[in-house]
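Structure record follows, encoded as structure tokens.
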Amino acid sequence: MNRLRVWQDDDGTSLVEMLVAMALFLVVLVTVTSLTINFTKANAANISRQDQIDSARTAIEAMSKTLRTSVKPSQLASGCGTACSVDAFLVGQDDRVQFYANLDNAGNAIGPSRVTYWVDSAVLKERIQVPLSYSETAGYTYCDASAVGASAACLATVSDRDLAAGVVTTDAPIFQYYKLGSDTVLDPDAAGGSLSSDDLGNLVAVELTVTVRAPNATTVDPSTYIQRVYLPNAQAAINTEATATP
């Protein structure tokens, strides 16, 4: 009789209790899964955002370093005469700039490099080209390395590299230009798409604005990095204007 009583009191787990336990387990599982997914997304977004910032900053630092070496060819070759009497800047557009720079040129052994920055298929590119030849009558000569059938000697004068990918050009111009005596941004479109020779010859600063959207599956807002670069002739030009002003 005692054994029967013990067996009758051992009811075990009911179906209702199992369902409640399973429901609680599912709630915990869904909560943990949701938190994990949200954390993964947030972490991926932070990584993408940091990559964008690093890419934009690296590109601007590279361009700033080169822009600060902008120079007129006549400043490097005093005996060249009128053949070297050209401005430091050749092209000034919203998304393209070209200028002469004094790069790796100790004792003017190489001559002024012709530097170009532009955007092609959302990639910010850099081209540095050293002179192919020099003479006092012709000045510094640069070949067309993009021409079909360009010689090996010509191609050897050019060094290309990509500075940043995923560059957005619709929000703001990459290059904004300032000239002596004006705080107003120069408008290349007003001069037919590129700054006039007069404006190019009087530039004192270039403001760089690089906006990058990371080329991956994580959707984050593009990151923008801005820096204004004062050109090496800026202070000399300001001093000259101040001296000439009564």
Cβ pairs under 8 Å, 6+ apart, first in the stretch 172-201 and within 12 Å of Phe89 (Cα to Cα) and touching a residue at least 24 places away in the same chain (Cβ under 8 Å), second part of a loop (DSSP other than H, G, I, E, B) and of a type in the set (Asp, Glu)
Ser197/Asp87; Leu200/Asp87; Gly201/Asp87
Considering only residues of the stretch 158-167 that are crowded, with 16+ Cβ neighbours inside 10 Å and either modelled with pLDDT of 95 or more or among the hydrophobic types (A, V, I, L, M, F, W, C) (or both), which is farthest from Pro222 (Cα to Cα)?
Val158
Answer yes if at least one residue in the stretch 60-80 is basic (Lys, Arg) and closer than 24 Å to Thr170 by Cα, and no otherwise.
no
Residue under question is Val123, and the condition is that it be among the β-branched types (Val, Ile, Thr) and in contact with a Ser or Thr (Cβ under 7 Å, 6 or more places away or on another chain); does it hold?
no
Here are some conditions: (1) in a helix (DSSP H, G or I); (2) in contact with a Gly (Cβ under 9 Å, 6 or more places away or on another chain); (3) charged (D, E, K, R). Lys65 meets all but one. Which one does it not meet?
(2)
Keeping to the stretch 79-94, report how many residues are assigned to a helix (DSSP H, G or I) and in contact with a Pro (Cβ under 9 Å, 6 or more places away or on another chain).
3
Say whether the condition of being touching a helix residue (DSSP H, G or I) at 6+ places or on another chain (Cβ under 8 Å) and either without any contact (Cβ under 8 Å) to a residue 60 or more places away in the chain or closer than 19 Å to Ser64 by Cα (or both) is met by at least one residue in the stretch 148-155.
no
Mind telling me which of the residues Thr137, Thr170, Thr141 ends up being over 20 Å from Leu67 (Cα atoms), surrounded by fewer than 16 Cβ atoms within 10 Å (Cβ to Cβ), touching a Phe, Trp or Tyr at 6+ places or on another chain (Cβ under 8 Å) and not aliphatic (A, V, I, L, M)?
Thr141
Quick test of your reading of the structure: Gln50 fulfils all but one of (1) part of a helix (DSSP H, G or I); (2) at pLDDT 95 or above; (3) of a type in the set (S, T, N, Q). Name the failing condition by number.
(2)
Criterion violated by Ile238 - all others in (1) at pLDDT 90 or above; (2) closer than 27 Å to Ala77 by Cα; (3) not basic (Lys, Arg) satisfied
(1)
Could you tell me how many of the residues in the stretch 173-188 are surrounded by 11 or more Cβ atoms within 10 Å (Cβ to Cβ) and acidic (Asp, Glu)?
1
Of residues in the stretch 63-103 being touching a residue at least 40 places away in the same chain (Cβ under 8 Å) and among the hydroxyl-bearing types (Ser, Thr, Tyr), the one surrounded by the fewest Cβ atoms within 10 Å (Cβ to Cβ)
Ser64
Of all residues in the stretch 121-147, how many are assigned to a strand (DSSP E or B), of a type in the set (Val, Ile, Thr) and touching a residue at least 12 places away in the same chain (Cβ under 8 Å)?
2
Quick one: would you say Leu195 is crowded, with 16+ Cβ neighbours inside 10 Å and in contact with a Gly (Cβ under 9 Å, 6 or more places away or on another chain)?
yes
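The values are calculated or read from the model by the stated rules, or taken from the named source; none is laboratory data. Given the structure is predicted, the values throughout are model-derived calculations rather than measurements. Cβ coordinates were reconstructed from backbone atoms using ideal geometry, including for glycine residues, and neighbour counts include every protein chain displayed.
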